[in-house]
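*Asks:* Here it is: the structure, laid out below.
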Amino acid sequence: MAETMSTSGSESDSVAAKRSMKPKYSKFTQQELPAWKPLYTPGIVIGAFSLIGIIFIPIGLVSIAASQEVVELVDKYDGECVTANDKVGFIQDTKTDKACTRTITVPKPMKGPIQVYYQLENFYQNHRRYVKSRSDKQLRSKEFSSVIKTCDPEAISEGGAPIVPCGLIAWSLFNDTFTFSVNKKTVQVNKKNIAWSSDRTIKFGSDVFPENFQKGGLIGGGQLNEKLPLSEQEDLIVWMRTAALPTFRKLYGRIETDIMASDEITVVIQNNYNTYSFGGTKALVLSTTSWIGGKNNFIGFAYVAIGTISFLIALAFVGLNMVKPRTLGDPSYLSWNKENPDYVQ
């Protein structure tokens, strides 16, 4: 009887051990791994802040200098290119000639390639419904041309056939055009390789062609060439990479030639895109580039500001350490010793 009870007891202990949630012992589970705990002495802290200042300030100054070398011309044309009081009616009238000529004088030499952007303001491409209104599967492969469940309200044509590419993003494609001449000599705009190579080769299929696009009752933006696959229609690819902020620029093309100071650039704009319905604005941007990209003073000033603040903190610690030096590891500075009147140094 005793032996039977002993056997059942050992079995219950083994079952309990199996059911136990206690982890297997290891230095990792018990947090006994060796660790390095730095000791923040005044010298280390002062040296660290000084090093940040020494590194950041020169980077910031170089970045500011590079940004100042960039020549950027911005021409807002949405107001001047509409002659009627009713701007919405003017832009929606398909019979009206919307050509507009603008003249820009170059203040500084612009070395090619010169980036040509269009800039939109008050256009919320980051709106949740707008961002979701697309079908990435449909864009990638011909076999998914009917995958349109996320594309409402631009999913099917009036005849019930799927729209390729579907969705609000493609439907609202920017369709203003720009023709350039410098000192009355026509200049070509290179529109090749304006989109990311990963988008052209992965996200947009070479076997996907536009179908039933902009053939509904309400036309949104630009048309697409039905004889070209989506992977070669780079204006669409650039537009489909939605912007995070309501004011954004997208690459239209590149002017490969240099433009000298005091040259006159004449731009013939086909003002087709409707930003007037929602109070948006449009602008043409011509910009050179440097090793940090386009004109951006913020990065340089941010580096200089952080470096300067770090230097000031280092100087403050130096002054504090000189005025009120503190012995490292002195137990008299412990809070419980400060509160204990019987503690003797």
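The values are calculated or read from the model by the stated rules, or taken from the named source; none is laboratory data. Worth saying up front: this structure is predicted, and the values here are computed from it rather than measured. Here the Cβ is made from the backbone with ideal geometry for all residues, glycine too, and neighbour counts use every protein chain on show. We work out accessible area using only protein heavy atoms, side chains counted, and drop any ligands, DNA or RNA first. Shrake-Rupley method; radii C 1.70, N 1.55, O 1.52, S 1.80 Å.
*Asks:* Scan segment 106-144 for residues that are part of a strand (DSSP E or B) and under 17 Å from V267 (Cα atoms) and jot them down.
*Replies:* Here is the first cut: in segment 106-144, the ones part of a strand (DSSP E or B) are 110, 114-121.
Of everything in segment 106-144, those that are part of a strand (DSSP E or B) and under 17 Å from V267 (Cα atoms) turn out to be M110, I114, Q115, V116, Y117, Y118, Q119.
*Asks:* Considering only residues that are in contact with a strand residue (DSSP E or B) (Cβ under 7 Å, 6 or more places away or on another chain) and open to solvent by 40 Å² or more (accessible area, probe 1.4 Å), which ones fall in segment 267-282? Lay out the reasoning, then the answer.
*Replies:* Step one: filter segment 267-282 for residues in contact with a strand residue (DSSP E or B) (Cβ under 7 Å, 6 or more places away or on another chain), giving 267-271, 273, 275, 280-282.
V268, Q270, listed by residue number.
*Asks:* Name the one entry in S181, S206 that is assigned to a strand (DSSP E or B) and either among the small types (G, A, S) or within 13 Å of E234 (Cβ to Cβ) (or both). Show your work before the answer.
*Replies:* On the way: S206 fails: assigned to a strand (DSSP E or B).
When all the criteria are applied, what remains is S181.
*Asks:* Under 6 Å between Cβ atoms, at least 6 apart or on separate chains: pull out the pairs that start in segment 75-93 with a residue that is among the aromatic types (F, W, Y) and end on any residue that is open to solvent by 20 Å² or more (accessible area, probe 1.4 Å) and modelled with pLDDT of 90 or more.
*Replies:* Close Cβ pairs satisfying both conditions: Y77/R102.
*Asks:* Starting from segment 36-57, take each residue that is among the β-branched types (V, I, T) and list its partners that are in a loop (DSSP other than H, G, I, E, B), counting only C-beta distances under 9 angstrom and pairs at least six apart or across chains.
*Replies:* T41/L328; I44/P38
*Asks:* If I ask for residues that are in a strand (DSSP E or B) and among the hydrophobic types (A, V, I, L, M, F, W, C), which ones from segment 283-332 would you list?
*Replies:* Hits for segment 283-332 are A283, L284, V285, L286.
*Asks:* When you scan segment 250-280, how many residues do you find that are of a type in the set (G, A, S) and in contact with a helix residue (DSSP H, G or I) (Cβ under 7 Å, 6 or more places away or on another chain)?
*Replies:* We begin by selecting, within segment 250-280, every residue of a type in the set (G, A, S); these are 253, 261-262, 277, 279-280.
From what is left, the residues that are in contact with a helix residue (DSSP H, G or I) (Cβ under 7 Å, 6 or more places away or on another chain) are 277.
Final tally of qualifying residues: 1.
*Asks:* Of the residues that sit in segment 126-155 and are touching a residue at least 40 places away in the same chain (Cβ under 8 Å) and open to solvent by 30 Å² or more (accessible area, probe 1.4 Å), which one is farthest from N272 (Cα to Cα)? Can you show your working first?
*Replies:* As a first pass, look at segment 126-155 and keep what is touching a residue at least 40 places away in the same chain (Cβ under 8 Å): 126, 130-131, 134, 136, 138-142, 145, 154.
Narrowing further to those that are open to solvent by 30 Å² or more (accessible area, probe 1.4 Å): 126, 131, 134, 136, 140, 142, 145, 154.
Numbers: N126: 23, V131: 23, R134: 23, D136: 27, R140: 29, K142: 31, S145: 29, E154: 20 Å.
In this case the residue turns out to be K142.
*Asks:* If you take the residues in segment 68-85 that are part of a loop (DSSP other than H, G, I, E, B) and of a type in the set (S, T, N, Q), which one is most open to solvent (accessible area, probe 1.4 Å)? Reasoning before the result, please.
*Replies:* Of the residues in segment 68-85, the ones part of a loop (DSSP other than H, G, I, E, B) are 70-71, 77-85.
Then keep just the ones that are of a type in the set (S, T, N, Q); that gives 83, 85.
Details: T83: 125, N85: 162 Å².
Ranking the candidates gives N85 first.
*Asks:* Now for a separate question. Can you list residue pairs whose Cβ atoms sit under 8 Å apart, with the first residue in segment 183-195 being free of Cβ contacts under 8 Å to residues at least 40 places away in the same chain and the second being aliphatic (A, V, I, L, M)? Count only pairs 6 or more apart in sequence or on different chains.
*Replies:* Every condition considered, no pair remains.
*Asks:* Whether any residue in segment 205-221 is open to solvent by 70 Å² or more (accessible area, probe 1.4 Å), in the same structural domain as D93 (by the TED database), among the hydroxyl-bearing types (S, T, Y) and without any contact (Cβ under 8 Å) to a residue 40 or more places away in the chain is what I want to check.
*Replies:* Yes.
*Asks:* Residues in segment 296-304: is at least one free of Cβ contacts under 8 Å to residues at least 24 places away in the same chain and either open to solvent by 40 Å² or more (accessible area, probe 1.4 Å) or not assigned by the TED database to the domain that holds I57 (or both)? Before you say what the answer is, go through the steps one by one.
*Replies:* From segment 296-304, those free of Cβ contacts under 8 Å to residues at least 24 places away in the same chain are 298; that's our starting set.
When the remaining residues are screened for being either open to solvent by 40 Å² or more (accessible area, probe 1.4 Å) or not assigned by the TED database to the domain that holds I57 (or both), the result is 298.
Checked against the condition, which is being free of Cβ contacts under 8 Å to residues at least 24 places away in the same chain and either open to solvent by 40 Å² or more (accessible area, probe 1.4 Å) or not assigned by the TED database to the domain that holds I57 (or both), segment 296-304 yields at least one hit.
*Asks:* Look at segment 156-194 and say how many of its residues are open to solvent by 80 Å² or more (accessible area, probe 1.4 Å) and at positive phi.
*Replies:* Residues that pass the stated criteria total 3.
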